[in-house]
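A.B. asks: This is the structure I want to talk about, given as structure tokens.
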Amino acid sequence: MFDFNSDLAQEFGVYKNEGAYEIANFMSSVNVSAGFHAGDAVSIKNALIFVKERNLALGAHIGYPDISGFGKRTMDMEQEEIEATVLYQVGAISAFAKTMGLEIEHVRCHGAMNLKLSTDFEFAKHVANAVKKVNPWLNLYVRNPEIKDYLESEVKINCAYEVLFDENMSIRQLREALIKPETVHFSTLEDAKRAYDVIKPSPVNYNRVAGQV
């Protein structure tokens, strides 16, 4: 069984992304953009309403403070800046969620931050430590199995190994993989439908609160 995840609130002001909700209909967890690379107050609220209505696992989708570049540009940041950037975004989605009786369960990085998390052990440790300060039970989605093992050992934080599903991939390949993912990320409706036809997803389930199960 795999968790299927996708991103919501990947919009800002007049720039909308309604197609993201079509994908999210096939997911077991969603990642709500926290305002730095995308997401504004209204789009975040609408995403949280969607999550609550469908009883999905909720995550904070965080990125570099780069809304004009959609978080795709790499930024050199000191440890203090990394921590503040993570705390601000995870804290914002967490606080907003609480007003609706929800709890976030995981954190997923976006764009350039996700690439850095997957390749730089020191950077990943700083991000994980900041996430843990918000809530030590949160899961951090990680694409690199070695970094996942490192963070679980060094930081003592729950991590979920994530792979990106594309047109060349199948559920059979995931089932037969030497290292099986715990969560699978989708960015197109076609891929989401194709995978959902084969298997019904289930969320990475460490910290679901009473009332959401």
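A.B. asks: Using Stokes-Einstein with the Kirkwood hydrodynamic radius over Cα pairs, what translational diffusion coefficient do you get for the chain at 4 °C and a viscosity of 1.567 mPa s, in µm²/s rounded to a whole number?
C.D. replies: Numbers: Rh = 17.0 Å.
Reported coefficient: 76 µm²/s.
A.B. asks: Let me ask another. With every protein chain kept in place and ligands, DNA and RNA left out, what is the accessible area per residue of the chain? Probe 1.4 Å, answer in Å². Numbers along the way, then the final one.
C.D. replies: Working: 10010 Å² over 213 residues.
Dividing the accessible area of the chain by its residue count gives 47 Å².
A.B. asks: After finding the eigenvalues of the alpha carbon gyration tensor for the stretch 14-139, what semi-axes result from the square roots of 5 times each, listed largest first in whole Å? Walk me through the numbers before you get to the answer.
C.D. replies: Details: eigenvalues 108, 56, 32 Å².
Ellipsoid half-lengths, sorted descending, are 23, 17, 13 Å.
A.B. asks: I would also like to ask the following. Which residue, chosen from Leu138, Phe165, Val86, occupies the Cα position most advanced towards the positive end of the dipole of the chain, where the dipole is computed from +1 (Lys, Arg) and -1 (Asp, Glu) charges on Cβ about the Cα centre?
C.D. replies: Sorting the options by dipole projection puts first Leu138.
A.B. asks: OK, next. Lysine pairs, Cα distance under 26 Å, 8 or more residues apart or cross-chain: how many in the stretch 73-213?
C.D. replies: Lysine pair count for the stretch 73-213: 24.
A.B. asks: Using unit Cβ charges (K, R positive; D, E negative) and no other charged atoms, how large, in debye to the nearest 20, is the dipole of the stretch 57-120 about its Cα centre? All intermediate terms of the calculation are to be shown ahead of the outcome.
C.D. replies: On the way: 5 positive and 9 negative charges, 70 e Å.
So the dipole magnitude of the stretch 57-120 works out to roughly 340 debye.
A.B. asks: With the full set of protein chains in place, find how many percent of the accessible area of the chain is carbon and sulfur; take the probe as 1.4 Å.
C.D. replies: Working: 5170 of 10010 Å².
Of all accessible area on the chain, carbon and sulfur atoms account for 52 percent.
A.B. asks: To continue, here is another question. Among DSSP beta bridges lying fully in the stretch 1-156, give the percent that are antiparallel, nearest 5. Working shown, then result.
C.D. replies: Numbers: 1 of 16 bridges.
Around 5 percent antiparallel, to the nearest 5.
A.B. asks: Please report the net charge: other residues with Cβ closer than 14 Å to the Cβ of Phe165, K and R +1, D and E -1.
C.D. replies: Net of charged neighbours comes to -3.
A.B. asks: If I take every Cα pair under 8 Å that is 6 or more residues apart in the chain, average their sequence separation and divide by the length, what percent do I get for the relative contact order?
C.D. replies: Values: 411 pairs, mean separation 49.8, N = 213.
Value for the chain: 23 percent.
A.B. asks: Please report, in debye to the nearest 20, how large the charge dipole of the stretch 67-213 is about its Cα centre when each Lys and Arg carries +1 at its beta carbon and each Asp and Glu carries -1 there. Each step should come with its number before you reach the end.
C.D. replies: Details: 18 positive and 21 negative charges, 101 e Å.
Approximately 480 debye in magnitude.
The values are calculated or read from the model by the stated rules, or taken from the named source; none is laboratory data. From a predicted model like this one, the values you see are computed outputs, not experimental measurements. Don't worry about glycine lacking a Cβ; one is built from the backbone with ideal geometry, like all the others, and counts go over all protein chains shown. Protein only, heavy atoms only, side chains kept; ligands, DNA and RNA dropped before computing areas. Shrake-Rupley method; radii C 1.70, N 1.55, O 1.52, S 1.80 Å.
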